[in-house]
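**Q** The structure under discussion is supplied below as structure tokens; questions concerning it will follow.
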Amino acid sequence: MQVDLRILRYDPERDQKPHWESYAVECDPKMDRVLDLLHRVKYELDGSLTFRRSCAHGVCGSDAMLINGRNRLACKLRVEQLGKRRITVAPLPGLPVIKDLVVDMDDFFDKYKSVQPYLVNDSPVPDTERPQSPTERAIYDDTTKCILCAACTSSCPSFWAQPAYVGPAAIVNAHRFIFDSRDEGGDERLEILADADGVWRCRTIFNCTDACPRGIRITQAILEVSSAIVGRRI
Ligand code: SF4
Ligand code: F3S
Ligand code: FES
């Protein structure tokens, strides 16, 4: 089958503004993913096309992009799933474009780092491990699955309206440690997220949950963090 692949192109050295370019690409809709189509364009039609990808198997989170109007991982989406012969691909919305489908992720990672996404525990190190029951582990299991693809934050209208909003990805990664029974930095993280640009910017729009390629219940995690801020009187 041949598909009409429309890609929003932008080269800051040549273009005044982004523009659409179309490519007729042969594909097997059952087998080929959108990433395979992009590879076909780059290797066979136009080597200047620029995009990120690494693992090609939904693990590294580097190829999130706007595909037919929804944020998706190009390597996880088969052409058949789209059910159309015309496929549009654009960079993640709300983030500065560096070139073609590559966006600037610096601010995204700064926000991620701002919530201390690592275990904080200054207690003396025990002789063996720090034990945790299966029930305690289950409380934050969902939020351990994040691959930092930015599909959630860049699909959030609150983030588009107020780019200072820390965003759902950072909150998900804060949640992963706030509710870890071995961690002692929860209150500090909650204080950070109680800021004007923290969790209160969320309007429960659910775009983030819909966009997450890992199926993380992001909106629920945000509400759990908000409740903890109130419950712990932060
Ligand atoms: Fe991507 Fe989901 Fe992590 Fe957001 S929460 S960065 S959508 S994996
Ligand atoms: Fe945005 Fe998700 Fe909240 S889309 S408003 S962070 S529920
Ligand atoms: Fe790694 Fe798609 S290339 S998640």
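**Q** What's the magnitude of the charge dipole for the range 47-185 around its Cα centre, counting Lys and Arg as +1 and Asp and Glu as -1 at the beta-carbon? Answer in Debye, nearest 20.
**A** For this selection, approximately 1040 debye.
**Q** Using a 1.4 Å probe, how large is the accessible area of Glu136, given in Å² and rounded to the nearest 10?
**A** Near enough 70 Å² of accessible area.
**Q** Roughly how many Å² of Ser123 are accessible to a 1.4 Å probe, to the nearest 10?
**A** 40
**Q** Which of the lysines could a cross-linker span from Lys84 if the Cα-Cα distance has to be under 22 Å and same-chain partners fewer than 8 positions apart are dropped?
**A** Within reach: Lys30, Lys42, Lys76.
**Q** Applying 1/(1 + (r/R0)^6) with R0 = 41 Å to the Cβ-Cβ distance of Thr204 and Gln16, what FRET efficiency is obtained, to the nearest 0.05?
**A** 0.60
**Q** Something else now. In whole percent, how big is the carbon plus sulfur part of the accessible area of the range 85-176, probe 1.4 Å, protein atoms only?
**A** Carbon-and-sulfur percentage of accessible area, whole number: 56.
**Q** Leaving ligands, DNA and RNA out of it, work out the accessible area of Leu148 with a 1.4 Å probe and give it in Å² to the nearest 10.
**A** Its heavy atoms expose roughly 40 Å² to the probe.
**Q** Next up: Need one number: convex hull volume per residue for the range 121-162, Cα atoms only, in Å³.
**A** Given the Cα convex hull of the range 121-162, per-residue volume reads 135 Å³.
**Q** Return one whole number: the accessible area per residue of the range 102-234 in Å², for a 1.4 Å probe.
**A** With all protein chains present, the range 102-234 gives 50 Å² per residue.
**Q** Leaving ligands, DNA and RNA out of it, rank His39, His19 by accessible area with a 1.4 Å probe, largest first.
**A** His19, His39
**Q** Please state the relative contact order of the range 114-196 as a whole percent: Cα pairs under 8 Å, 6+ residues apart?
**A** So the answer I get is 46 percent.
**Q** Something else about it: For the chain, can you list the cysteines whose C-beta has no other cysteine C-beta under 4.7 Å from it?
**A** Lone cysteines by the Cβ rule: Cys27, Cys75, Cys146, Cys149, Cys156, Cys202, Cys212.
**Q** Sticking with this one: Under the 0.36 nm per residue contour assumption, what length would be gained going from the current alpha-carbon distance of Gln132 and Lys42 to full extension?
**A** Length difference between fully extended and current span is 27.6 nm.
**Q** In terms of solvent-accessible area of protein heavy atoms at a 1.4 angstrom probe, what is the ranking of Met31, Met1, Met105, highest value first?
**A** Met31, Met1, Met105
**Q** Follow-up. Under a 10 Å cutoff between Cα atoms, tell me which one of Thr135, Thr144, Thr50 has the largest fluctuation in the Gaussian network model of the chain.
**A** Of Thr135, Thr144, Thr50, the most mobile in the Gaussian network model is Thr135.
**Q** Below 8 Å, C-alpha to C-alpha, sequence gap of six or more: please give me the relative contact order for the chain in percent.
**A** Taking the mean separation of contacting Cα pairs over the length of the chain, I get 18 percent.
**Q** Taking the Cα centre of the chain as origin and charging only Cβ (+1 Lys, Arg; -1 Asp, Glu), how large is the dipole, in debye to the nearest 20?
**A** With only Lys, Arg, Asp and Glu charged at Cβ, the dipole is about 840 debye.
**Q** While we're on this one: Measuring from the lowest to the highest alpha carbon on each principal axis, how far does the range 166-234 reach, largest first, in angstroms?
**A** 30, 26, 17
**Q** Could you work out the local net charge near Cys149, counting Lys and Arg as +1, Asp and Glu as -1, over the other residues with Cβ closer than 9 Å to its Cβ?
**A** 0
**Q** Out of the total accessible area of the range 12-65 (probe 1.4 Å, heavy atoms of protein only), what percent is carbon and sulfur?
**A** Whole-percent figure for carbon plus sulfur exposure: 50.
**Q** Something else now. Post the alpha-carbon centroid distance, the range 197-229 to the range 11-85, in whole angstrom.
**A** The range 197-229 and the range 11-85 have Cα centres spaced 28 Å from each other.
**Q** Using bins 5 angstrom wide from zero, how does P(r) for the chain break down, in % of all Cα pairs?
**A** Final binned percentages: 1, 7, 13, 16, 16, 13, 11, 9, 6, 4, 2, 1, 0.
**Q** Given a Förster radius of 45 Å and the C-beta distance between Ala164 and Ala24 as r, what FRET efficiency does 1/(1 + (r/R0)^6) yield to the nearest 0.05?
**A** 0.60
**Q** Let me ask something else about it. What does the accessible area per residue of the range 13-91 come to in Å², with a 1.4 Å probe and no ligands, DNA or RNA counted?
**A** 57
**Q** If you average over every viewing direction, what projected area does the convex hull of the Cα atoms of the range 100-204 give, in nm²?
**A** Projected over every direction and averaged, the Cα hull of the range 100-204 covers 7.9 nm².
**Q** Tell me the Kirkwood hydrodynamic radius of the range 1-84 in angstroms, computed as one over the mean inverse distance between distinct C-alpha pairs.
**A** 13.4
**Q** Probe radius 1.4 Å, ligands and nucleic acids left out: which of Arg86, Arg232, Arg189, Arg201 has the largest accessible area, and how do the rest follow?
**A** I get Arg86, Arg232, Arg201, Arg189, largest accessible area first.
**Q** Name the residue farthest towards the positive end of the dipole of the chain from the options Ser22, Ile67, Tyr112, assuming +1 on Cβ of Lys and Arg, -1 on Cβ of Asp and Glu, about the Cα centre.
**A** Most positive-ward Cα: Ser22.
**Q** Could you give each residue of the range 56-69 its phi-based ³J(HN,Hα) in whole Hz, using Karplus coefficients 6.51, -1.76, 1.60 with θ = phi - 60°, and x for Gly or Pro?
**A** Calculated HN-Hα couplings, in order: 6, 9, x, 10, 7, x, 8, 10, 6, 7, 8, 10, 6, x Hz.
**Q** Once you've got the GNM for the chain with C-alpha springs shorter than 10 Å, pick whichever of Gly58, Gly69, Gly186 has the biggest mean-square fluctuation.
**A** Ranking Gly58, Gly69, Gly186 by mean-square fluctuation puts Gly69 first.
The values are calculated or read from the model by the stated rules, or taken from the named source; none is laboratory data. Note that this is a predicted model, so its numbers are computed, not measured. Neighbour counts are summed over all protein chains in view; Cβ atoms, including those assigned to glycine, are modelled from backbone coordinates with ideal geometry. SASA here: full protein model, heavy atoms, side chains in, ligands and nucleic acids out. Shrake-Rupley method; radii C 1.70, N 1.55, O 1.52, S 1.80 Å.
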